[in-house]
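Report on one structure; see the data block that follows.
The values are calculated or read from the model by the stated rules, or taken from the named source; none is laboratory data. The structure presented is a predicted model; accordingly, all values stated were derived computationally and were not measured. Accessible surface is based on the protein model in full, side chains and every heavy atom, while ligands, DNA and RNA are left aside. Shrake-Rupley method; radii C 1.70, N 1.55, O 1.52, S 1.80 Å.
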Amino acid sequence: RAALLDRLPPEKRGALVRLEVQDHYVLAVTARGSGMLLMRLADAIRETAPADGFQVHRSHWVARDGVVALEREPGKNGRSFLRMTDGERVPVSRAHLAGVKAWME
């Protein structure tokens, strides 16, 4: 299992869904809850192995098993989002969009 899970309380350790930067903290969301960790996103991502995941935005990492769908807002310049199993919409940056599409195939 991912070493990152050892940083969370035992009752919140479950399958990783996503990571999100909030100020100097990383919000780690699992299938059993979430917790705030004082660390950099890059360090948190290194501790997600062996989970299959992808950094989709400078502030977001998602696990493949946590992704429900890739969505795009209507219009010529509509933004792209990933709908997650926890109900949240995670933004996908334009720089990462092609990589996300390839990763999801």
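Summed over qualifying helices (DSSP H, 4 residues or more, each -39500 (n - 2.57)) and divided by its residue number, the chain shows a 222 nm mean residue ellipticity of -4500 deg cm²/dmol. Counting protein heavy atoms only, the range 1-61 has 50 percent of its accessible area on carbon and sulfur, 1.4 angstrom probe. Net length available on complete extension from R83 to R32 is 16.6 nm, with 0.36 nm assigned per residue and the Cα-Cα distance removed.
Using C-alpha pairs below 8 Å separated by at least 6 residues, the relative contact order for the chain is 21 percent. For helix 94-104, what angle does its Cα long axis make with the longest principal axis of the chain, in degrees from 0 to 90 and rounded to 10? Helix 94-104 sits at roughly 70 degrees to that axis.
The Cα atoms of the chain define a convex hull whose projected area, averaged across directions, is 6.5 nm².
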